[in-house]
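**Q** So that we are looking at the same thing, I have put the structure below in structure tokens.
The values are calculated or read from the model by the stated rules, or taken from the named source; none is laboratory data. Computed from a predicted structure; not experimentally measured. Here Cβ is always computed from backbone atoms with ideal geometry, including for glycine, and neighbour counts include all displayed protein chains. With ligands, DNA and RNA removed, areas are computed over all heavy atoms of the protein, side chains included. Shrake-Rupley method; radii C 1.70, N 1.55, O 1.52, S 1.80 Å.
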Amino acid sequence: MAYYLLLPVLSILVVALQTTIADIIFSGRLVIEISLIAVIYAGFRLDLFKGSILAFVFGFVFDCLVSSVIGLFTLIYLIIFVASYAVSLITDTQKLRLVALWGFVFALVEEALVILFYNLILRFDAMASIPFVFLPQAMVIGLFTPVFFYLMRRLEVYIYGKPLHRLERGGDSRISAEI
Amino acid sequence: MFIFRHYKSLVLIAVLFIIAIIMLSYNTRRLQTDSQTDGFFRKLVLEAAAPFQKLMHISSTSISESWEKYVYLVGVVEENKKLEKTVGELEAELLRYKEGHLEAQRLAKILAFKESLPYDFIAARVIAKEQAALSKIVIIDKGSFDGLRIGMPVVSSAGLVGRLIDVSWNVAKVLLIIDENSNVDVMLQRTRAQGIFSGMGYRGGALKYITKNQDVAEGDEVISSGMGGVFPKGLMIGRVSFVEKLDTELFLRIRVAPYVDFSKLEEVLVLVAEEKRRK
């Protein structure tokens, strides 16, 4: 229950924090989307029920605070959660190099979906932003994803006494997010 | 087997997808028609986030200032420590005075600007800057309790800043003119040629739909044209920084450097009424 109560507060904190960090490090040119990394983490490590709620809440908060089109990132985060969950069934999510690669790939997927939406629905050509905004941002996310996973692993050790090794390919020994 | 075992979760995911799609289609239509609607949950999130954003904005400013003022002093010899401490204290005091002085100057400038225009304004402070890949948004500390409504133009002493796209009770979201989703009807002050200013993120903006036979030069000033009914006529937007005439294209390729420095935006004015009320 604590998980569901803490999730909205945590998501607001994360989204507000990621903009502040981006402002300090990149002078606002790029955003370290910790919220996206958290969604990928949820896809890799949490069960379907809790993970999908996390993706929805993070997406909605991100939409409310950052996006000009409410619902866009809610939908994208859900898609990325489902995709990362599917990937976690066939990939060893303990390997940080693979985690970095998937972080980069999912960041690209997110940006491709944003471009598609802008192009098809709003009739706005966002292709020009690919080299200036999207690619650097995907690389930043790719670099930060293993750091986030490493920190979360330390947290798992702190909470559960050891990092949980998943035996499954069916999702049985996923980490419970109950605190 | 997987579907049978996880059917509850799959149903939940399907429901969440449907909610997201409904939200997206509803808000896309709202964006395209510029209609004004209230969203209770959106307001709630904005209100809940405001204290965190204020706190983080203050922290990040302090960190940046500390970085600039003190980090470079690391490595000074032991004998200077006492002197350094005194200098630090004096600098901090001076910084406070400077900050007060600069704020007074900014406010005086903004007040003079406010008085010079025949509109009614509400002054607001920027409490957060939020950005995604294509979004450039700031959050201000005034909301519907102060009389703000969606669609109101926002200006600073340097020129047009953007317009309100979400108004909560005590805070509001401003879509900056450099947001890639923002379009403003503008004209060139010198030639009166009309076009559309489209945001290009931190690269400034582009002036679109100016035909090749128009006279446009670098340095030309761009102002709002008053068309479209969102922004009043004559607000300063920027200066033409680049003009290119391509044989293959119908229109000129023009880049505009906005007058407003969006990275240093601290106080803004929200235009609440077209004409000042007679006293």
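**Q** Search the structure for amide H atoms under 5 Å from the amide H of B:Arg190, placed 1.01 Å from N in the peptide plane, and list their residues when 5 or more places away or on another chain.
**A** Here the answer is B:Glu221, since their amide H atoms fall under 5 Å of that of B:Arg190.
**Q** Short version: ³J(HN,Hα) in whole Hz for each residue of the stretch B:208-224, in order, from phi by Karplus 6.51 cos²θ - 1.76 cosθ + 1.60 (θ = phi - 60°), x for Gly and Pro, what are they?
**A** Karplus-based 3J(HN,Hα) across the stretch B:208-224 equals 10, 6, 9, 5, 5, 7, 7, 8, 10, 10, 4, x, 4, 8, 10, 10, 6 Hz.
**Q** Please give the FRET efficiency for B:Ile18 paired with B:Leu55, using the beta carbon to beta carbon distance and R0 = 41 Å, rounded to the nearest 0.05.
**A** 0.70
**Q** Give, in whole angstrom and from largest to smallest, the semi-axes √(5λ) of the equivalent ellipsoid of the stretch B:209-279, with λ running over the eigenvalues of the Cα gyration tensor.
**A** Equivalent ellipsoid semi-axes, largest first: 30, 17, 9 Å.
**Q** Where is the GNM fluctuation largest for chain A (alpha-carbon springs, 10 angstrom cutoff): A:Ala128, A:Ala86, A:Ala22?
**A** In the Gaussian network model the winner is A:Ala128.
**Q** With charges set only on the Cβ (+1 for Lys and Arg, -1 for Asp and Glu), what does the dipole of the protein assembly as shown come to about its Cα centre, in debye to the nearest 20?
**A** Charge dipole, the protein assembly as shown, about its Cα centre: 600 debye, nearest 20.
**Q** Same structure, new question: Would you mind checking the pairs B:Lys43/B:Lys173; B:Lys208/B:Lys233; B:Lys109/B:Lys142; B:Lys114/B:Lys142; B:Lys98/B:Lys173; B:Lys54/B:Lys142 and listing those with alpha carbons more than 22 angstrom apart?
**A** From B:Lys43/B:Lys173; B:Lys208/B:Lys233; B:Lys109/B:Lys142; B:Lys114/B:Lys142; B:Lys98/B:Lys173; B:Lys54/B:Lys142, over 22 Å: B:Lys98/B:Lys173.
**Q** Tell me which DSSP H helices of chain A clear both cut-offs, 30 Å or more of axial length from alpha-carbon atoms and a mean Kyte-Doolittle hydropathy of at least -0.5.
**A** A:2-26, A:96-120, A:135-160
**Q** Could you give me the ³J(HN,Hα) list for the stretch B:192-200, computed from phi with Karplus coefficients 6.51, -1.76, 1.60 and θ = phi - 60°, whole Hz, x at Gly and Pro?
**A** Per residue, the Karplus-derived 3J(HN,Hα) values read 6, 5, 9, x, 10, 8, 10, x, 10 Hz.
**Q** Continuing with this model, one more query. Amide H neighbours of B:Asp166 under 5 Å, counting only residues 5+ apart in sequence or on other chains, H built in-plane at 1.01 Å?
**A** Long-range HN contacts for B:Asp166: B:Lys173.
**Q** How high is the relative contact order of chain A, given as a whole-number percent (alpha carbon pairs under 8 Å, six or more residues apart)?
**A** Reported as a whole number, the value is 24 percent.
**Q** In nm, give the distance between the simple-model label positions of A:Glu156 and A:Ile25, each being 7 Å from the Cα along the Cα-to-Cβ direction.
**A** Those two pseudo-labels are separated by 2.2 nm.
**Q** Each label point is 7 Å from the Cα along the Cα-to-Cβ direction; what then is the distance between the points at B:Phe242 and B:Leu117, in nm?
**A** 2.9
**Q** When N is the residue count of the protein assembly as shown, what does its C-alpha Rg come to as a fraction of 2.2 N^0.38 Å?
**A** The protein assembly as shown yields a ratio of 1.08.
**Q** Here's a follow-up. Which GluC sites (Glu not before Pro) in the stretch B:139-244 sit in a loop by DSSP (not H, G, I, E or B) and have at most 15 other Cβ atoms within 10 Å of their own Cβ?
**A** Here the GluC sites (Glu not before Pro) that fit, given the DSSP loop and packing criteria, are B:Glu218.
**Q** Just from the alpha-carbon atoms, what are the Rg and Dmax of chain B in angstroms?
**A** 23.4, 76
**Q** Gaussian network model of chain B, Cα springs within a sub-10 Å range: biggest mean-square fluctuation belongs to which of B:Val186, B:Val87, B:Val126?
**A** Of the options given, B:Val87 has the highest mean-square fluctuation.
**Q** Under the Kirkwood approximation applied to all pairs of distinct alpha-carbon atoms, what is the hydrodynamic radius of the stretch A:24-111 in Å?
**A** It is 13.2 Å.
**Q** Let me ask something else. Give the calculated FRET efficiency between B:Lys208 and B:Lys82 to the nearest 0.05, with a Förster radius of 60 Å applied to their Cβ-Cβ distance.
**A** Given R0 = 60 Å and the Cβ-Cβ separation, E is 0.45.
**Q** Can I ask one more? Setting aside same-chain residues fewer than 8 positions from A:Lys162, which lysines have a Cα under 23 Å from its Cα?
**A** Candidates past the 8-residue exclusion: A:Lys50, A:Lys95.
**Q** Picking from B:Arg125, B:Arg163, B:Arg30, which is most flexible by a Gaussian network model of chain B using Cα springs under 10 Å?
**A** Highest fluctuation among the options: B:Arg30.
**Q** State the Kirkwood hydrodynamic radius of the stretch A:44-86 in Å, one decimal place, computed from all pairs of distinct Cα atoms.
**A** 10.2
**Q** Can you give the Kirkwood hydrodynamic radius for the stretch A:2-160, in Å, rounded to one decimal and based on Cα pairs?
**A** 15.9
**Q** Also, quick follow-up: At 1.4 Å probe size, put B:His57, B:His101 in order of accessible surface, largest to smallest.
**A** B:His101, B:His57
**Q** Would you calculate a helix-derived [θ] at 222 nm for the protein assembly as shown, using -39,500 (n - 2.57) for each DSSP H run of n ≥ 4 and dividing by the full residue count, to the nearest 500?
**A** Value at 222 nm, helices only: -17000 deg cm²/dmol.
**Q** Once R0 is set to 35 Å, what does the formula 1/(1 + (r/R0)^6) return for the Cβ-Cβ distance between B:Glu266 and B:Tyr7, expressed as a FRET efficiency to the nearest 0.05?
**A** Using R0 = 35 Å, I get an efficiency of 0.10.
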